[in-house]
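The numbers here are math on the coordinates, done by the rules we state, and not lab data. From a predicted model like this one, the values you see are computed outputs, not experimental measurements. Using ideal geometry, Cβ is built from the backbone for each residue, glycine included, and neighbour counts are taken over all protein chains shown.
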Amino acid sequence: MTIEELRIRIDELDRQLVELLCERARSAQLIGRMKASTSLPVYEPDRERIVYANVRAANKGPLPDIELTHIYERIIDVMRALQRNELASQRNAQAASAESAPGHGAGSPIPETGKNP
């Protein structure tokens with residue numbers, strides 16, 4: 001294979017990685033929603049240890065386990081941030097719906113002049 005052919009192959013692999021990472025992110029978002037509804041914490045160190053062990057067990061090289069673990073640490077950091085965003089969005093939606101409920105401060109809207117009628 002030529003360098004150009006190998007680069008084309010790497011580009012294809014990168015596209016596949018992006019697709020898989022986005023699929024993983026969607027799953028993490030769903031888990032974040034479920035955690036919010038069940039009051040589970042975003043950070044679950046036992047689960048992360050399992051993920052790292054699974055990654056090391058699946059590793060057939062040439063990446064050393066430690067380097068693959070570093071990559072997954074970053075992936076998990078990003079997924080955890082997505083879950084935190086899901087929790088924040090859900091809390092904001094709950095707060096907004098509570099504010100708009102009858103008797104909870106939902107009155108006449110203030111005109112654009114900023115003055116009360």
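Taking label positions 7 Å along the Cα-Cβ direction at both GLU4 and GLU67, the computed distance is 2.8 nm, reported to one decimal. Can you give me the angle between helix 3-38 and the longest principal axis of the chain, using Cα atoms only, in degrees from 0 to 90, rounded to the nearest 10? It is inclined by approximately 40 degrees. Applying 1/(1 + (r/R0)^6) with R0 = 22 Å to the Cβ-Cβ distance of ALA57 and VAL78, what FRET efficiency is obtained, to the nearest 0.05? Computed FRET efficiency for ALA57 and VAL78: 0.50. Which is the longest part of the chain that has none of the trypsin sites (Lys or Arg not before Pro) sitting in a DSSP loop with at most 10 other Cβ atoms within 10 Å? It runs 1-59. About its Cα centre, the dipole of segment 11-88 is roughly 340 debye, where the only charges are +1 on Lys and Arg Cβ and -1 on Asp and Glu Cβ. Site pair SER100 and GLN16 shows an inter-label distance of 4.5 nm when each label is modelled 7 Å from Cα along Cα→Cβ. Against the chain, whose longest principal axis comes from its Cα atoms, helix 65-100 is set at around 10 degrees. Note the angle between two axes, namely the Cα long axis of helix 45-58 and the longest principal axis of the Cα atoms of the chain, as a number of degrees from 0 to 90, rounded to the nearest 10. With rounding to tens, the tilt is 30 degrees. For segment 11-88, the Kirkwood radius over C-alpha pairs fed into Stokes-Einstein at 10 °C and 1.306 mPa s yields D = 117 µm² per second.
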